[in-house]
1. Pick from V314, V305: which is assigned to a helix (DSSP H, G or I), surrounded by fewer than 19 Cβ atoms within 10 Å (Cβ to Cβ) and either out of contact with any His (no Cβ under 8 Å at 6 or more places or on another chain) or hydrophobic (A, V, I, L, M, F, W, C) (or both)?
2. Give just the number: which of (1) surrounded by fewer than 17 Cβ atoms within 10 Å (Cβ to Cβ); (2) under 21 Å from the mean Cα position of the chain (by Cα); (3) not in a loop (DSSP other than H, G, I, E, B) does S84 not satisfy?
3. Sort through L94, L51, L110, L28 and tell me the only one that's in contact with a helix residue (DSSP H, G or I) (Cβ under 8 Å, 6 or more places away or on another chain), under 19 Å from E200 (Cβ atoms) and among the hydrophobic types (A, V, I, L, M, F, W, C).
4. Contact list please: Cβ distance under 7 Å, first residue in region 20-37 and on the phi < 0 side of the Ramachandran plot, second residue charged (D, E, K, R) and at pLDDT 90 or above, pairs at least six apart or on different chains.
5. Taking the criterion of being modelled with pLDDT under 85, out of contact with any helix residue (DSSP H, G or I) (no Cβ under 6 Å at 6 or more places or on another chain), closer than 30 Å to I356 by Cα and among the aromatic types (F, W, Y), would at least one residue in region 227-250 satisfy it?
6. So A132 ticks every box in (1) within 30 Å of T181 (Cβ to Cβ); (2) touching a helix residue (DSSP H, G or I) at 6+ places or on another chain (Cβ under 6 Å); (3) assigned to a strand (DSSP E or B) but one. Which box is left unticked?
7. Enumerate the pairs (first residue in region 358-377 and modelled with pLDDT under 80; second residue anywhere and in a helix (DSSP H, G or I)) with beta-carbon separation below 8 Å, excluding pairs fewer than 6 apart on the same chain, so at least 6 apart or on different chains.
8. Do you know which of the residues in region 160-199 that are free of Cβ contacts under 8 Å to residues at least 24 places away in the same chain and assigned to a helix (DSSP H, G or I) is surrounded by the fewest Cβ atoms within 10 Å (Cβ to Cβ)?
Amino acid sequence: MKKTWSVTNLIVIILLAASSFVSAKGILEMRSMRLVESWLSDKPKMYTAQLTDSQKDEFVAVLREFSEERGFTAVSRNRESLQSGSALYTFSVLVPDSAEGADFEPLDLLGTRVVDGSVAREISAANPGSYAGYGNDAFSRVETLPSIRAGLYFRVDRLESGSSLGRTCTVIGLDDGEFQTLVNDLSSAIGVSADSLTTEMSGSATDMGLIYWFCEGAFVVLAIVLCLLTVTHSLLELRTLGVHLMLGWSRRAFAAELIANQAAFLPVVIPIGLLGSLAIFDGLSLGPAPIAFAALSVLPAVMVVLVSWGVSIVPLATVHPVDAICGRYSRRGFYALAVSVYLLCTVAIFGACLYIDQPLDMYAALVHTRTVWSEYKDWYVVRDFSLDGSHFTGDPMSLSKDMYAWYASHESDEDVYLVNTTYFDATAITAYMRGSSDDMPEPF
C-alpha cells in the first residue's frame, strides 16, 4: 500500500512539474514576442503592409537610393506563423555602403544578443541571398541566431526587393524633420499618400496556443489531486499517529516523519526544469536569465507540493489521541472539504470549457469550410464584381473597401464563404487579351 502511495505521488509530482514547465514556456514566448514588437519602438517607422507588390519593389529601390545619399539604416520587420505553430520574426536590413557602421539598439533574449549592428553589417557585406538565423540553406547562412525551439525563431537578411519588405520599416539615423522629408519623397516616388505610410491600417494580436492553456488547466487539476492524495494519506495514518502519541511521540515529529517520506520525491522537479530549458534554448548563453527561468518554471510545482503538505498536517495537528487510535475524525470537516473540492473542480472545468469552446468552434468552422471547398479547389469562379451597379475602381485601399462592402452585402447569405478573390480591372483584361507580356498589370 505504501509503495502504491509513493508511486502515485511521484507520478503526480512529475506531471505537475512538466505541466508547469510547458506553461512557463508559453508565458516566456509571449513575453519575448512583446519584447520583439517593442524593439526600436522609439525610432520612426513606416507601415508597408498596404502596398502592392509593384509599389513594394519601387519602395525598396527608392529607399536604397535615399539610404546611400542620406546615410541612414533601415530595418524591415515581418512576423509569420510556421506550419508547426512557431513564430518567425524576419528582419530585413538595409545598410548604406558609405556608412562606417550600423549602430542601433540591440535585441536581446534572456541576456543573449540576437540582432545588433554587427549582424546587420555582416549580412550587408555578404553575397546576395545570404542570411542569418532560421533557414534551410546552410550554404547561404552566415551566422546562427538564438531561438526558442518549437516557439520563437529569428532571421536576418538583406532588404533586396519588395518580396523581403515586411509590415513595418524602421529608419535609424534620421531626426524627425529628415524622416518626414524621406516619407514625402517616398510617397511621391511610389504614388501613395504620406499619411498612408505613417498610419498603421491593419494589425494582429497573438495569444498562447491551446497546448499551453491545456497545460495550465492540467496543472490546476493535478494540484487538487495532489492535495487530496496527501490529505487522504494523513487520514489513513491517524491510527498510527494515535499509537505514536501514546508512546510519547510528538505530533511535530510524526508529521515530519510522514512528510520526509514524500519530500524525497521533490528533487525530481530539478532535472525537469534544467533538461527542459536545455531542450528549448538554442544558442542562448548560460547566464542568470536562463538559470532563473529553469528555476521559476518548476517553482509553481514546488509551491503546490508545499501547500499540500501544509493541508495534510491539519488533521494530524487537530485530532485527539483517542480519536486517532479509533480512526475517528470530524465527519463535518470531511464533508466540508469534499464539497469545497467538488465546487472547485466544477468551476475549473466549467471555466476551461467556456474558454476552449470558442477556439474549438473556430477550428470546427475552418475544418467544415475546408471540407466543403476541397472538391472545388481546382475550380475557377468568374463573377462580375459590382457594387451599386458600378465596377470597382480606384487605388488599392479603395478597392479593399469596395471588396469588403461587396462581401458584407453577401456574407449573411446561406453557405457563403470568401476563400480567395482576384480582381482584374479593365486595363488588366485588355492587356491579357492582347497577349502582351510587357508591363503586364498586376491583378488586385
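The values are calculated or read from the model by the stated rules, or taken from the named source; none is laboratory data. On a predicted model such as this, the values are computed, not experimentally measured, just so you know. Cβ sites come from the backbone with ideal geometry, for glycine too, and all protein chains shown count toward neighbours.
1. Numbers: V305 fails: surrounded by fewer than 19 Cβ atoms within 10 Å (Cβ to Cβ).
Within the list V314, V305, the selection yields V314.
2. (3)
3. Criteria check complete, one pass: L51.
4. none
5. For region 227-250, residues modelled with pLDDT under 85, out of contact with any helix residue (DSSP H, G or I) (no Cβ under 6 Å at 6 or more places or on another chain), closer than 30 Å to I356 by Cα and among the aromatic types (F, W, Y): absent.
6. If we test A132 against (1) within 30 Å of T181 (Cβ to Cβ); (2) touching a helix residue (DSSP H, G or I) at 6+ places or on another chain (Cβ under 6 Å); (3) assigned to a strand (DSSP E or B), just (1) comes out false.
7. Matching pairs, first to second residue: P359/L210.
8. Looking at the filtered set, the residue picked out is G177.
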